[in-house]
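As structure tokens, the structure follows; a few thoughts come after it.
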Amino acid sequence: MAPDLHFIVAGGGIGGLAAAYVLARDGHRVTVLEQQSQFGEIGAGIQLGPNIFRMFDWLGLTKAVDEVAFFPPGMGMNDVRTGEKVVRVPFGDAVRSLYGYPYGLIYRADLHKVFLDACARFTQDADAVTVKLVSGESVRGDALIGADGLWSRIREAVVGDGKPRVSGHVAYRAVLKCEDVPQHLWNDEVLLWGGEKTHLVHYPLRRGELFNLVAVFHSDKYDEGWNTFGDTAELNERFANAVPQVKELLGKIETWKMWVLCDREPVRNWSQGRATLLGDAAHPMLQYLAQGAGQAIEDAVVLGQAVKAANGKVEEAFVKYQDARYLRTGRVQLTARFYGDIYHASGVTRELRNRMFQGGKESAGFAGLKWMYEGIDPERLFA
């Protein structure tokens, strides 16, 4: 039986709260440090693959997630210039029969609240780690988990590899109420319109009450962070050659929020002594596989199991944790880059993409990610 420990989690986003929930459930004391004055996840929609629902099942959170999620019947990709169908992947029973779990969509704020509510149910030198806050206050604990995101300050101290790699693309996000989406533009599937250095993806959220839009395009204009306003004129310029329905959808949004897309080269080591990293702080990835939040949740589960396996010896646990994760998360990071190239293809590459997908089985692209969607078995990690 591992001793009760005091973990300090830097970052109150989805990954940080997932780690807090896992560790608190195992009887440890957890202090979550968040720079915002109150908890509240910003952002828009999140796609949840079957590997993530497997983690919800293990964590006992499936019911809470199901109550606010939307389960699309499929996912498709169209050419943004011609409107031609490139590929469609059926979900529903096809995904459940293949992986045992569904593919869902959730509003980021709703998923954040699931973990926040779950955490609220818990009340509870050489031997410690001390965190110095901006206010000058110090918080001392047995171990530190850096879940402070892409621009992680803790990573600077642990890994020290400089700033993230800027991809050259930005993402504009917005959410509409379902009643504000014209019937001929509504689609209950995940639909991606791919084009040269651009794509638009849209899908329903919150049981179908909301409609999420994310437009991605190449740009040199950006600010660091998640919550700055986008330039509608530049957006319209980048999608000038899009089919009419895409232009009409984009025109429904008056205000866009923008973030720059970044990742890092995969690393094997993201721990130092009693400090480790989790989620985007450890392995930031481009969003083209929709796995950022999911991999952070997997991190939290593996971390909890590693602490058990090491009988509470945190330095040993952190090595076990990163050794169990770095190849999987690194593969997701690199595969996400590849899928970005597929979505944004031009010229002969675009023609080949369309013909290859159109000539194959509808589920070919999805089955090719079986290694990712099968997920992990927490019970067998350190057996």
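Accessible surface for ASP117 stands near 70 Å², nearest 10, in the context of the full protein assembly shown (1.4 Å probe). Scanning residues 5 or more positions from LEU48 or on other chains, those with amide H under 5 Å from its amide H are GLY104, LEU105, ILE106, with H placed 1.01 Å from N in the peptide plane. Shown in residue order for region 185-196 are the 3J(HN,Hα) couplings computed by the Karplus curve 6.51 cos²θ - 1.76 cosθ + 1.60 at θ = phi - 60°: 9, 6, 8, 8, 9, 7, 10, 10, 9, x, x, 5 Hz (x for Gly and Pro).
Would you list LYS163, LYS177, LYS252 from the most to the least accessible area, probe 1.4 Å? Please report the intermediate quantities before stating the final value.
Working: LYS163 155, LYS177 115, LYS252 85 Å².
Reading off the accessible areas and sorting them downward yields LYS163, LYS177, LYS252.
Remark on VAL9: its backbone amide H falls under 5 Å from those of THR31, VAL32, LEU33, ILE145, a criterion applied only to residues 5 or more positions apart or on other chains, H modelled at 1.01 Å from N.
Taking all protein chains as they are arranged and a probe of 1.4 Å, the heavy atoms of CYS262 leave approximately 10 Å² accessible to solvent. According to the calculation over all Cα-Cα pairs in region 258-344, the P(r) per 5 Å bin from zero is 3, 15, 25, 22, 15, 10, 6, 3, 1, 0 %.
At a Förster radius of 41 Å, what calculated FRET efficiency corresponds to the Cβ-Cβ distance of GLN183 and PHE382, to the nearest 0.05?
Numbers: r = 52 Å, r/R0 = 1.27.
Calculated value: 0.20.
Sorting the segments 76-88, 305-317, 233-245 by their mean number of nearby beta carbons within 10 angstrom, highest to lowest, gives 305-317, 76-88, 233-245.
So, in nm, how far is label LEU33 from label ASP323 when the simple model puts each one 7 Å beyond its Cα toward the Cβ? Output for this residue pair reads 2.9 nm. In the chain, helices alone account for a calculated mean residue ellipticity at 222 nm of -10500 deg cm²/dmol, with every DSSP H run of four or more residues adding -39,500 (n - 2.57).
Sorted into 10 angstrom bins from 0, the C-alpha pair distances of region 303-352 split as 24, 26, 20, 14, 12, 3 percent. The charge dipole of the chain, taken about its Cα centre with unit charges on the Cβ of Lys, Arg, Asp and Glu (plus for the first two, minus for the last two), comes to roughly 580 debye. In order along region 212-222, the phi-based Karplus estimate (6.51 cos²θ - 1.76 cosθ + 1.60, θ = phi - 60°) of 3J(HN,Hα) comes to 9, 10, 10, 10, 10, 7, 6, 7, 9, 9, 6 Hz; Gly and Pro are listed as x. For the chain, taking the reciprocal of the average inverse distance between every pair of different Cα atoms yields a Kirkwood hydrodynamic radius of 21.5 Å. In the assembled protein chains, TYR222 presents an accessible area of approximately 90 Å² (probe radius 1.4 Å). When the listed pairs LYS177/LYS221; LYS113/LYS252; LYS320/LYS370; LYS221/LYS320; LYS113/LYS308 are checked against a 32 Å cut-off, the alpha-carbon distance exceeds it for LYS221/LYS320. Remark: region 175-180, residue by residue, has Karplus-estimated 3J(HN,Hα) of 10, 10, 6, 4, 5, 8 Hz, where x stands for each Gly or Pro and the curve is 6.51 cos²θ - 1.76 cosθ + 1.60 at θ = phi - 60°. Database remark: amide H of GLY195 closer than 5 angstrom to the amide H of VAL80 (H placed geometrically; neighbours at sequence offset of 5 or more, or on other chains; Pro and chain starts carry no H).
Taking the DSSP bridge list for the chain and keeping only pairs wholly inside it, about 75 percent are antiparallel.
The values are calculated or read from the model by the stated rules, or taken from the named source; none is laboratory data. Model, not experiment: these values are computed from the prediction. Virtual Cβ from ideal backbone geometry, glycine too; neighbours counted across all protein chains shown. For the accessible areas, the whole protein counts, side chains as well, though only heavy atoms, and no ligand, DNA or RNA atoms are used. Shrake-Rupley method; radii C 1.70, N 1.55, O 1.52, S 1.80 Å.
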